[in-house]
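Before any comments, here is the structure.
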Amino acid sequence: MIIKKARQNASKNLQATSDSPTLDAEVLLCLVLGISKEKLYGRLEQNLTAEQQKKYWQLVTRREKHEPIAYITKHKEFYGLDFYVDERVLIPRPDTEVLVETVIEEYGDVAKSKTIADIGTGSGCIAVALAKNLPQAKIYAVDISPEALAVAKINIKKHEVQGQIELKQGNLFEPLPEKVDTVVSNPPYLAQERTNEIKSDVIDHEPHQALFAGSDGLKYYQELLAQAQNHLRPSGLITLEIDPLVVEDVTQLAQKYFPPNTPQIKKDLAGKERVLIIKTS
């Protein structure tokens, strides 16, 4: 079978599963052939070997069962960097790039003297992106899951930022050895009652520990903000990714724990309220 026909058949099979069936079909072809998408377009009339066909349809079948492309390929781009991901961690989303961008914009060149805590680091994408863009900053990457930290370790080594990032296993601020200047976090924030609204790609494959936060989705916002007071240095910064559905609730929590500071809200590229910013005195 020629590559062009295989792509066409796979795309057709994936229409019921994927929002981008042709793109998924091409990504999986590139994985099987070990080539870039640009090179794929120059080989569309070439034949797949029997072994390549077998491997390709195995991958397509996995995608048909809603397994995310990122878990199949073991790769996901975030903030212009390539990250290793697997079922132990949440797949990085473009929305979270706004969180990284916010910290970089807040500090810029002065970040060389700053210490940052990435709470709930998962794949380490936030910590690594900050380290690459703020090369003088010291970062603690914290997660309660040792499995997630194993993935973060892979990405820290891959991007050669071992000298900047220190992994810490434990719940929220518990393992931090010192106070920090900045708290950055993309905590679990889905309400359990919204389970039926979530796509199979997510609910059936991504770690629930990294997704859900109690019945109303506020559990970790509450705990983070309550504890942050005791772990921030003077003139500290807190940046949290937020669920646009609970912006008002999280803002009220911020005002409760950090009066009289007025939290700022930053929107993502889709125009949704995505990041809550607190500057403490």
Search result, residues across the range 1-53 that are crowded, with 18+ Cβ neighbours inside 10 Å and over 31 Å from the mean Cα position of the chain (by Cα) | Ile3, Ala6, Leu48
Mind checking which residues of the range 191-226 are open to solvent by 60 Å² or more (accessible area, probe 1.4 Å) and more than 30 Å from Ile72 (Cα to Cα)?
-> Ser215, Asp216, Lys219, Gln222
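Quick one: would you say Tyr189 is modelled with pLDDT of 90 or more and under 19 Å from Asp95 (Cα atoms)?
Judged against the criteria, Tyr189 is not a match.
Would you mind stating whether Asp19 is closer than 27 Å to Leu149 by Cα, part of a loop (DSSP other than H, G, I, E, B) and not aromatic (Phe, Trp, Tyr)?
Values: closer than 27 Å to Leu149 by Cα: no; part of a loop (DSSP other than H, G, I, E, B): yes; not aromatic (Phe, Trp, Tyr): yes.
When the stated conditions are applied, Asp19 does not pass them.
Scanning for something at positive phi, open to solvent by 20 Å² or more (accessible area, probe 1.4 Å) and in contact (Cβ under 8 Å) with a residue 40 or more places away in the chain, does the range 54-72 turn up at least one residue?
yes
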If you check Lys256 against the conditions, is it assigned to a helix (DSSP H, G or I), over 24 Å from Pro177 (Cα atoms), touching a helix residue (DSSP H, G or I) at 6+ places or on another chain (Cβ under 8 Å) and open to solvent by 10 Å² or more (accessible area, probe 1.4 Å)?
-> yes
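Can you confirm whether Ile91 is under 18 Å from Leu130 (Cα atoms), at pLDDT below 95, surrounded by 14 or more Cβ atoms within 10 Å (Cβ to Cβ) and of a type in the set (Val, Ile, Thr)? It would help to see each step written out before you state the result.
Details: under 18 Å from Leu130 (Cα atoms): yes; at pLDDT below 95: no; surrounded by 14 or more Cβ atoms within 10 Å (Cβ to Cβ): yes; of a type in the set (Val, Ile, Thr): yes.
No.
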Taking the range 1-35 as the region of interest, how many residues are free of Cβ contacts under 8 Å to residues at least 40 places away in the same chain, under 14 Å from Ile72 (Cα atoms) and of a type in the set (Asp, Glu)?
-> 1
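The values are calculated or read from the model by the stated rules, or taken from the named source; none is laboratory data. What you are looking at is a predicted structure, and each value in this text was computed from that prediction instead of being measured. All Cβ positions, glycine included, derive from the backbone under ideal geometry; neighbour counts span all protein chains shown. Ligands, DNA and RNA are excluded from the accessible area calculation, which covers all protein heavy atoms including side chains. Shrake-Rupley method; radii C 1.70, N 1.55, O 1.52, S 1.80 Å.
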